[in-house]
Amino acid sequence: MFRLKRLWQLAAVLAAAVLAWSAATMPREAVRLEWPPPAPDEPPVVRGAYHVHSRASDGTGTMTEIAEAAGRAGLQFVIVTDHGDGFRDPAPPRYYGRVLCIDAVEVSTTDGHYAALGLGRVPYPLGGEARDVVEDVARLGGFGIAAHPDSSKRDLRWTEWEAPVDAIEWLNADSQWRDQDRWRLLPALFQYPFRPEATVVSIFDRPDAVLRRWDAMTRERRVVGLAAADAHARLGLGGKSDPYDERLYLKLPSYEAVFRAFALRAELAAPFSGRATQDAHVLLDALRQGHVYTVIDGLASPAVLSFTANSGGVTARQGDALRWQGAATVRVAANGPAGQVWRLFSNGRVVHEETSRSFTWPVREPGVFRVEAYVPGAPGTPPLPWRVSNPIYIGTP
């Protein structure tokens, strides 16, 4: 009896310590920003999530539930990538309320997972060697993304870097959570009910290795960088290596919390018309061209970004190539909180850094340029960037 009492006392002390620690380390709420006045020459921008799982594979939500969560989070599109081999008729693009939902697929290969967008029903099941899957997706007109390249689980992690992938996930929320020690996740469970999206972001950090890989790839050819929600709304409780195999689980973090934590901003060639098939083509074309950037809304929101370069009177946006004509100028126009720091990268190396909302910088030689923005107090070691653009290819082959 005495021993049992001591155990209860010890458990109470530990619980109190965890609660105190959780309260002391409560992630701060996102900084709320004002919308800047719209610029007349800026393209229409839509906000959305890529890489979401539904009940059709290992997620917990129906398409209706996912779309409703996206609508509450202020998204305008969701790209669902349930696991499969493409050997089925995908659901046609459809609006659920004001949210455009696109059905895509995440294919398992011998060297990790590959997400394929824009495919119809393929003539044979996709799978096997990673290089073959990349070739098949391209030949069939799809847009392929190397999924969770920094996953701690070998079966998920993309490793076939000789294959000409179209894009890479520079950030993957599932990988960020898997990388955390259990002692770090425990206080997050207590913090989540109070500040869901801030808690999701609080365990993120800058994925240095993936960003270096992406920078190296863009020196050879165009490669798009996307942030992947990899949302399942499923937290396994049985201790298995893959929490999505658990029969006992919590619906955490919710789809809405992940959608509010961060999202893509796609720069469109034309505004959404309300016709799902047409709008899906416009959106996927923007993603293919790299006309897209990421904002971690759980740090500061709403956020806008205009990243352009000019040479010889010709202007290019992120994702574009610009002919070198002896000199060029990079321009960044954005909103942001006090203390926002910009880093301009050229060929993977920081060539300029300043604390401001917007800036211009003279380009002296050809290269691949992109920007990252940082806000004070960002989580992670190294700190998580608040905004990440896609590159502009200035004078590169």
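The values are calculated or read from the model by the stated rules, or taken from the named source; none is laboratory data. What you are looking at is a predicted structure, and each value in this text was computed from that prediction instead of being measured. We work out accessible area using only protein heavy atoms, side chains counted, and drop any ligands, DNA or RNA first. Shrake-Rupley method; radii C 1.70, N 1.55, O 1.52, S 1.80 Å.
Annotations
- 5 angstrom amide H check on Asn335, placed H, neighbours 5+ away: Val304
- For the stretch 112-220, the equivalent ellipsoid derived from the alpha-carbon gyration tensor has semi-axes of 31, 16, 12 Å in decreasing order.
- C-alpha long axis of helix 63-72 to longest principal axis of the chain, angle in °: 80 degrees
- The equivalent ellipsoid that matches the C-alpha gyration tensor of the stretch 211-325 spans semi-axes of 35, 19, 14 angstrom, in descending order.
- Along principal axes, Cα extents of the chain, largest first, whole Å: 85, 53, 40
- Residue order for Trp170, Trp324, Trp35 - accessible surface, 1.4 angstrom probe, largest first: Trp35, Trp324, Trp170
- Per-residue ³J(HN,Hα) for the stretch 193-210, Karplus 6.51 cos²θ - 1.76 cosθ + 1.60, θ = phi - 60°, Hz, x for Gly and Pro: x, 8, 9, x, 5, 5, 5, 4, 6, 4, 9, 7, 9, 6, x, 4, 4, 5
- Sequence of Glu256, Glu169 when ordered by accessible area, the most exposed leading, probe 1.4 angstrom: Glu256, Glu169
- Among Ala270, Ala328, Ala261, the residue with the largest mean-square fluctuation in a Gaussian network model of the chain, with springs joining Cα atoms closer than 10 Å, is Ala270.
- Overall shape of the stretch 270-379 was characterised from the C-alpha gyration tensor. The equivalent ellipsoid obtained from it has semi-axes of 25, 22, 11 Å, in decreasing order.
- Percent carbon-and-sulfur accessible area, the stretch 79-191, ignoring ligands, DNA and RNA, probe 1.4 Å: 50 percent
- DSSP-defined beta bridges in the chain - what % are antiparallel, rounded to 5: 70 percent
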